[in-house]
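Asker: Take this structure, written in structure tokens, and hold onto it; I'll ask about it next.
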Amino acid sequence: MKRRFIGALLGVVIIVLAVHNVPLASYLSRVERDRLTTALERDAFILAGHAKESLNSSAGVALPSLQPALDEFSKTSAALVVVTDAIGLVVSSNDSAVEIGETYANRPEVGMALTGVPATGQRASQTLGQTLVYVAVPVQSGDRVIGAVRLSYPKSFVDKRVQRQRWGILLVGAISLLMATIAAVLFANTLTRPLRRLTTATEKLSAGDMQSRASDAQGPPEIRELARSFNVMAGRLSAILQSQRSFAGDVSHQLRTPLTALRLRLEQAQAIAGSESEELREALDASRHETDRLQSMIEQLLALARLEGGDAPTVDADAALVAYDRALMWQPLAEEKNITISVAADSLSRCRVVDGGLEQMIDNFVDNALSVSPSGSTIEITVRHKGVQVEIDVCDSGPGLTPEQCVVAFQRFWRSASTQNEGGSGLGLAIVQQLATASGGSAALLPRKDHVGLCARVTLLSAHEST
Ligand SMILES: Nc1ncnc2c1ncn2[C@@H]1O[C@H](COP(=O)(O)OP(=O)(O)O)[C@@H](O)[C@H]1O
Ligand SMILES: [Mg+2]
């Protein structure tokens, strides 16, 4: 936008300069030509005055008295002077190429001056081989024409003078253009800088930084107004989001108490039912199982609401140590299902992570892997230190997921068709993603290349790099 703005402004300046300077240049050229001709005419008459005395007294013979006047004239003018007598023979000249006594009567302008009529104009000169600009005036004594004075320039001399004027105009145009460029850049900056700041603020907000605000202290009033409106909007948005989050948190929190009460009542009912009715016991067992599921779901929702509230502090954690610790914790349940859990970890695998988050992420991954792993298989936990990152993989030999499912599995409450009927909330992976993001990392599900199954991966920043 800035470049287009500068381009448009310069375009206008160039058009204005062209419209203004082209006629100006041709006008000034005309004025310069006229000025030179007028000066020639004036000089011709002055020299004619000098020549009158010489020609009068000498009656056609060149007198030395005219030569000093011509020499003096040559010091201040580049014009070539030829003075002739009444029949057109040269009596004096400041041009060394002209011979005294040579006839100039055949030059039209001299011929005309000798008839008493001054001549001004230009013509091709055979002697010079180029165009000549001339003024020829008669030298008169009373009514009698006693000679002629011709002043001339080669046309190229006049053209050079005119050209110099044109260069002058071009230089002024170039300076104007340069100044216009500087002004355009400065003006564009004052316009685009606050706009760019506003864009940055908008991008930050859309990336989830609800504290992002635009500065409304600088720039043109319209943009300051826009920044103020943006800030009001961002403020409202953040308030709405905050109240929604706290609502989700509050609801989860409020549900905890009646749910605990319900669980107690169910336990009491089970105790009362005792062994009386097998059917009743089974029904109460199932109810308790569902209540447990509901309870864990609410706990997870609360955890999510807390994470989305933002600003969870991060700490340094030894990923290898956490991996071994969690494997040990899950060992009894794995053994029950005849599944082996193996850990392979790089040393030096310290990473930045939300406090307690790595344990939760590995637990969620192992929990999922255990629920899909066939009996006799192995769940492999790998910790790798890769440059600035630490990768933690939990790989199983279960049925795996399609690449599309690997993406949607992170959405809240998503569960594949085959796991719909089992316990679980569909919130585990959503929590993993929140934890990974809050830690400055990421989470992904990857189909295994070597054989069937899935690898759940969390990538975190190495502690050495992030400090
Ligand atoms: N290792 C895995 N292999 C196959 N499917 C998986 C795996 N991990 C997760 N899934 C699928 O992703 C869904 C969502 O997982 P999750 O968010 O942890 O919720 P939950 O475990 O409560 O169902 C699971 O229900 C399952 O269908
Ligand atoms: Mg899960």
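Asker: Can you tell me which of (1) surrounded by fewer than 22 Cβ atoms within 10 Å (Cβ to Cβ); (2) modelled with pLDDT of 95 or more; (3) within 16 Å of ligand 1 (Cβ to nearest atom) is the one Val394 doesn't meet?
Answerer: (1)
Asker: Is it true that Val343 is touching a Lys or Arg at 6+ places or on another chain (Cβ under 7 Å) and modelled with pLDDT of 95 or more?
Answerer: No: the conditions fail for Val343.
Asker: Looking at segment 349-371, which of its residues are in a helix (DSSP H, G or I) and open to solvent by less than 10 Å² (accessible area, probe 1.4 Å)?
Answerer: Listed by number, the residues that qualify are Gly357, Leu358, Met361, Ile362, Phe365, Val366, Ala369, Leu370.
Asker: Identify the single condition in (1) open to solvent by 70 Å² or more (accessible area, probe 1.4 Å); (2) near ligand 1 (Cβ under 9 Å from one of its atoms); (3) over 43 Å from the mean Cα position of the chain (by Cα) that Val452 does not satisfy, given that it satisfies every other one.
Answerer: Tallying (1) open to solvent by 70 Å² or more (accessible area, probe 1.4 Å); (2) near ligand 1 (Cβ under 9 Å from one of its atoms); (3) over 43 Å from the mean Cα position of the chain (by Cα), Val452 fails exactly one: (2).
Asker: Could I ask something else about it? Conditions first: (1) touching a Cys at 6+ places or on another chain (Cβ under 9 Å); (2) open to solvent by 60 Å² or more (accessible area, probe 1.4 Å); (3) not β-branched (Val, Ile, Thr). Ala319 passes all but one, so which condition is the exception?
Answerer: (2)
Asker: Please work out which one of (1) part of a helix (DSSP H, G or I); (2) open to solvent by 80 Å² or more (accessible area, probe 1.4 Å); (3) assigned by TED's automatic domain parsing to the domain that holds Ala303 is the condition Glu276 fails and give its number.
Answerer: Of everything listed in (1) part of a helix (DSSP H, G or I); (2) open to solvent by 80 Å² or more (accessible area, probe 1.4 Å); (3) assigned by TED's automatic domain parsing to the domain that holds Ala303, Glu276 misses just condition (1).
Asker: Related question: List the strands (runs of 3 or more DSSP E) that sit entirely inside segment 79-160 and contain at least 2 residues that are among the basic types (Lys, Arg).
Answerer: So the answer is 144-154.
Asker: Among the numbered criteria (1) more than 16 Å from ligand 1 (Cβ to nearest atom); (2) without any contact (Cβ under 8 Å) to a residue 60 or more places away in the chain, which one does Val353 miss?
Answerer: (2)
Asker: Okay, moving on. For residues in segment 121-153 being among the aliphatic types (A, V, I, L, M) and open to solvent by less than 10 Å² (accessible area, probe 1.4 Å), which is nearest to Thr76 (Cα to Cα)?
Answerer: Filtering first and then ranking leaves Leu151.
Asker: If a residue must be loosely packed, with under 15 Cβ neighbours inside 10 Å and under 30 Å from Pro258 (Cβ atoms), how many such residues does segment 307-316 contain?
Answerer: The total comes to 2.
Asker: Quick check on my filter: what residues within segment 91-119 are among the acidic types (Asp, Glu) and touching a residue at least 24 places away in the same chain (Cβ under 8 Å)?
Answerer: Result: Glu109, single match.
Asker: In addition: If you check Glu282 against the conditions, is it more than 23 Å from Asn368 (Cβ to Cβ), assigned by TED's automatic domain parsing to the domain that holds Ser246 and not in a helix (DSSP H, G or I)?
Answerer: The answer is no for Glu282.
Asker: Could you list all residues from segment 403-440 that are near ligand 2 (Cβ under 10 Å from one of its atoms), in contact with a Ser or Thr (Cβ under 8 Å, 6 or more places away or on another chain) and assigned to a helix (DSSP H, G or I)?
Answerer: The one that is near ligand 2 (Cβ under 10 Å from one of its atoms), in contact with a Ser or Thr (Cβ under 8 Å, 6 or more places away or on another chain) and assigned to a helix (DSSP H, G or I): Thr419.
Asker: Here is a further query. What number goes with the only condition from (1) open to solvent by less than 40 Å² (accessible area, probe 1.4 Å); (2) in contact with a Cys (Cβ under 9 Å, 6 or more places away or on another chain); (3) not β-branched (Val, Ile, Thr) that Glu380 does not pass?
Answerer: (1)
The values are calculated or read from the model by the stated rules, or taken from the named source; none is laboratory data. None of these values were measured; they are calculated from a predicted model. Neighbour counts run over all protein chains shown; Cβ positions are idealised from the backbone, glycine included. We work out accessible area using only protein heavy atoms, side chains counted, and drop any ligands, DNA or RNA first. Shrake-Rupley method; radii C 1.70, N 1.55, O 1.52, S 1.80 Å.
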